[in-house]
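Below: one structure, written as C-alpha cells.
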Amino acid sequence: MKAAVLHAPGDVPRFEDVPEPEPGEGQEVLQVTACPLTNLDRMLAAGTHFASSANLPAVCGTLAAGRLSDGTRVLFRSPGGAMAEQAVANRAWCTPIPEGLDDDLAAAVQNPGVSTWAALEWRAKLRPDERVLVLGATGVAGRIAVQLAKRLGAGRIVAAGRNTDVLAALPGLGADATIQLDQPDDELRAAFRAEGSFDVVLDYLWGRPAEVFISTLGHTDMVLRSACTRFVQVGSTAGANVSLSADLLRSSGLELVGFGTGNAPPAAELDRLRGEVMGLVASGQLRMDVRRVPLAQVHEVWNLDQKGTRTVLIP
Ligand SMILES: NC(=O)c1ccc[n+]([C@@H]2O[C@H](COP(=O)([O-])OP(=O)(O)OC[C@H]3O[C@@H](n4cnc5c(N)ncnc54)[C@H](OP(=O)(O)O)[C@@H]3O)[C@@H](O)[C@H]2O)c1
C-alpha cells in the first residue's frame, strides 16, 4: 500500500510503498479516508517534539478518519501511522462519525477541537462571564478557541494574532476585540494592558508574545491583590522558551499550567468531547476550513503555511 514515510528527522515524508499493517491483539485494520496534517505531525517528524521517535523509517500521522471492516465510519488514533491507505487502531480508540459530517472535517476537527475544549474546561476551568485572551487566535486551533470560549459562556474574548486578514475575520467568530502581535514590545504590552485583566489565557504561541503578555501581570508595589490569571500553555509556534522571573511570579496572580498528553482528561471525557465537537461541526455551529489534498502530494504541502485552514490528506 501507499503511505507517507519519514526516513530521517527533519526530512519531508515520501509517498511510497510499504507493507500492509498487521493488526495486534485488540486491534483492527481500517481503510483510511482522511488524515489531517497537524503541527504535531510536523514537530514529530522534525524531531522537535518530546514524543518524536528515533525508530525510522516510519509512517507519519496519528489521528484520522477511516472505515472499519463492517463499513462503520470512525475517527481513530493509530499507533503505527495514519497517513496511509490502511492503518491499525485499537477498537477502544475508534469513535463513530455522525451522519451528515464528512470524514475530512471530522478528522480535521478532532485534534484542535477536543484539545481546545479540554483546555478551556479541564485545565482553565472557565466559568461563565470570564474574560479570555487567545494568544495565536489566527491558527486553526486559535480560531476554534475563540468559538468554543464563546459557546462555553466567556464574557469577553480578546483574540491576539499576527495575520492581519485572519485577525480581521475573528469578530465574526465571536471575538470582542483583537490585538495585532506584530508591533514593538512596549506597544504590544500597552495593547494587552488596555484590555484590563484576563481570567483565562489560552496560549498557542509561547516565545516572545507570551513573554510580553506575562510581563504585564507583575506589579512593582506592595499592594495585596488576589486576582488570578489562569494561563494555559497549549502550543509553542512562536518559541520553545520564555524567560520568567521569580519577581514576576510573586508580584502577579499568574497561574501557569500546560495542556497536553501529560495532563489530559480521562478517556471517557475525551470521548464525550469528541462527540460534542463533531456534533457542533455537523450542525454548522463550529466553523473550520479544510483543504483536501491527495496523499500523493504530501511532500508538496508538508511545510506550507496553513493560514487558519487545515490540510487534510486523502489516500
Ligand atoms: N497541546 C495540545 O493538545 C495541542 C492541540 C492542538 C494544537 N496544539 C499546538 O498549538 C499550536 C497551534 O496549532 P494550530 O493547529 O492552530 O496551528 P496553525 O493552524 O499552524 O497555527 C499556527 C499559529 O501560530 C502563529 N505563529 C506561528 N509563528 C508565530 C510567531 N513567530 N509569532 C506569532 N505567531 C506565530 C500563526 O500565526 P499566523 O496566522 O500569523 O501565521 C498561527 O496563528 C501548535 O504548536 C500545535 O502543535 C497543541
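Bear in mind that the values in this text are calculations on the coordinates, not laboratory data. These numbers come from a predicted model, not from an experiment. Ideal geometry is used to build each Cβ from the backbone, glycine not excepted, and the neighbour counts take in all protein chains shown.
List of remarks:
- Spans of helices (runs of 4 or more DSSP H) in region 92-190 with at least 1 residues free of Cβ contacts under 8 Å to residues at least 24 places away in the same chain: 164-169
- Residue check for Ala65: hydrophobic (A, V, I, L, M, F, W, C), within 16 Å of the ligand (Cβ to nearest atom) and crowded, with 20+ Cβ neighbours inside 10 Å: no
- Applying the condition of being of a type in the set (D, E, K, R) and closer than 18 Å to Leu244 by Cα to region 192-211 and asking which residue is farthest from the ligand (Cβ to nearest atom) yields Glu211.
- In the set Val158, Val132, Val146, only one residue is crowded, with 24+ Cβ neighbours inside 10 Å, more than 11 Å from the ligand (Cβ to nearest atom) and more than 30 Å from Leu75 (Cβ to Cβ); that residue is Val158.
- Flag if Gln27 is over 30 Å from Leu205 (Cβ atoms) and touching an Asp or Glu at 6+ places or on another chain (Cβ under 7 Å): no
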